[in-house]
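The values are calculated or read from the model by the stated rules, or taken from the named source; none is laboratory data. This one's a predicted model, so the numbers in the text were calculated from it and none came from an experiment. Cβ placement follows ideal geometry from the backbone for every residue including glycine, while neighbour counts extend to all protein chains displayed. In case anyone asks, the SASA skips ligands and DNA or RNA and just uses the protein heavy atoms, side chains included. Shrake-Rupley method; radii C 1.70, N 1.55, O 1.52, S 1.80 Å.
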Amino acid sequence: EVPGCWELTEKDYEGVAFYRRKFTVPAAWNGKVIRLRFDAVNFRSEVWLNDQAVGTHEGGFTPFEFRVDKRLKFGEENTLTLRVVGPILLQDKHVDGMGPMETPQWRGAITGGIWQPVRLIATGNVYVEDSFIEPKISNDSATCHLQLQNTGDDAVSAQVDIAIRSVGSSPEVAATASKTLNLRPGLNRQDLRLSIHDAVYWSPENPHLYRADVSVTVRDKVLDRWSSRFGLREFTIRDQQFYLNGKPFYLKATFFEGLYPVKLAYPDSREMAIREIQLAKDAGFNMIRPWRKPPPLMWLDLADEMGVLTVGSMAIECMDFPIESERLQGWVENEVRESILRDRNRACVVQWELFNELKRPVLKQMLEPMCRLARQLDPTRLILEESGGLAQGAKMFLTYD
């Protein structure tokens, strides 16, 4: 079953599994740019499409994708194959050079395999690769930091339209922007700031969400549409107090392991996830700290909607684990980068927690460069360098600092 972790199939299984799926791609997709996106596969993924190599990825809790249109057969049956090496936690063996307790791994259970959804994304040859939405309550604005990919051989003139709407039964347009851009082949960056009329701030009492819709048009043809929800809010520290939206905020946070009866790292149902978040709110908590792994997207959707602050935590380490290897630094940097890129538009995520109770020099020396990387990717959130403070004290970096 996909998505699903290996524990659902065989208890404590560790090692290798092969996946195979046959599917048909519409003939009308011929000529489009098509990407194959995995929300999370634990841990090492090797991907083939129609017996042709696609690529590999290492990391068990963050999304990754490959462009695959040159390998697809349109209007015909295609075969997708994955070889997945899961984390090794209990057994004394090595697979592909990875040994026991070497991979960054959440401690709750073995979540080996394709344990989050998979999709195909079809666009024109110009598309939105990413957009970081930077909200500011000082002037009630949202800046869309666009990354536009032109896969063609020539520069093109593209019109970019952005509309920001309140999320709800009768969504109102709060801001719009439009600009014609000359997009060179490759990655193009463009920042567009939108002033939000009659701005409503996101908070636990009123978790108001906006949605930014971006469209890219070339020669009167829409080549891509991209959207993301976000909240207009600011969370920081001043005068030795937490502040939310410019007002003192007494923070009451609870630890959250994120372990479920059947699906382990993924809620057994949406109703179960709603109930656990509501139980925390009913008990008086206004923040949840998911412990040492990025929560599934569905869980964060609910946290956005139900109005609970969350800590952006990463599956990097805990105290003496993972065991040091020559790959560890690369894996850690990958987790930090991909976790922040995945969740930096979330209203509920107000703080990045990078490390936890460090004891070893190889990770202690990564504190500063990983904080710099996190700040480069996202200037808008607090950064907790190391919870527990075992390395050199738990340092908190303010927004834009």
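Points to keep in mind about this one:
- With contacts taken as Cα pairs under 8 Å at a separation of at least 6 residues, the chain carries a relative contact order of 13 percent.
- Placing a pseudo-label 7 Å from each Cα along the Cα-to-Cβ vector at ALA53 and ASP239 gives an inter-label distance of 6.1 nm.
- Take 350-360, 283-293 and order them by the average number of nearby Cβ atoms within 10 Å per residue, most first; the result is 350-360, 283-293.
- The residue among PRO185, VAL350, ASN286 whose Cα reaches farthest toward the positive pole of the charge dipole of the chain, with charges on the beta-carbon of Lys, Arg, Asp and Glu, is PRO185.
- Near-label residues of region 226-244 by backbone N, under 15 Å of a point 7 Å along Cα→Cβ of ALA253: 235-238, 241-244
- Think of each Lys and Arg Cβ as +1 and each Asp and Glu Cβ as -1; about the Cα centre, that makes the dipole of the chain roughly 620 debye.
- Cα gyration tensor shape for region 1-107, rounded if a/c is under 1.5, else prolate or oblate: prolate
- Spatial separation of Cα centroids for region 16-84 and region 93-117, in angstrom: 21
- Computed over protein heavy atoms with a 1.4 Å probe, the carbon and sulfur contribution to the accessible area of region 190-259 reaches 44%.
- Percent carbon-and-sulfur accessible area, region 1-44, ignoring ligands, DNA and RNA, probe 1.4 Å: 48
- Inter-label distance, nm, simple model (7 Å from Cα along the C-beta direction), MET272/ASN30: 4.5
- Distance between region 195-254 and region 126-172 - C-alpha centres, whole angstrom: 14
- About its Cα centre, the dipole of region 188-324 is roughly 320 debye, where the only charges are +1 on Lys and Arg Cβ and -1 on Asp and Glu Cβ.
- Of the GluC sites (Glu not before Pro) in region 272-347, those whose Cβ has at most 16 other Cβ within 10 Å and which sit in DSSP loop: GLU324, GLU326
- Accessible surface, region 15-77, averaged per residue in Å² (probe 1.4 Å): 48
- Charges were assigned to the Cβ only: +1 to each Lys and Arg, -1 to each Asp and Glu. The resulting dipole of region 1-65 about its Cα centre is roughly 460 debye.
- FRET efficiency for the PHE18 to ASP153 pair, using the beta carbon distance and R₀ = 41 Å, is estimated at 0.65.
- Pair LEU377, MET298: separation of 7 Å Cα→Cβ label points (nm): 2.4
- Identified option (computed semi-axes √(5λ) of the Cα gyration tensor in Å; candidates (1) 31, 31, 20; (2) 57, 26, 18; (3) 43, 22, 20): (1)
- When peptides 238-251, 34-47, 119-132 are ranked by their average number of other Cβ atoms within 10 Å per residue, the highest-first order is 34-47, 119-132, 238-251.
- Solvent-accessible area, 1.4 Å probe, carbon plus sulfur percent, for region 55-167: 43
- Surface analysis of region 191-285 yields an accessible area of 58 Å² per residue, using protein heavy atoms and a 1.4 Å probe.
- Over region 350-398, accessible surface divided per residue gives 38 Å², non-protein components excluded, 1.4 Å probe.
- Here is how the number arises for the chain: DSSP H runs of 4 or more residues each give -39500 (n - 2.57), the sum is divided by the residue count, and the result at 222 nm is -4000 deg cm²/dmol.
- The overall shape of region 100-144, judged from the alpha-carbon gyration tensor, is oblate: a/c is not under 1.5, and a/b is no greater than b/c.
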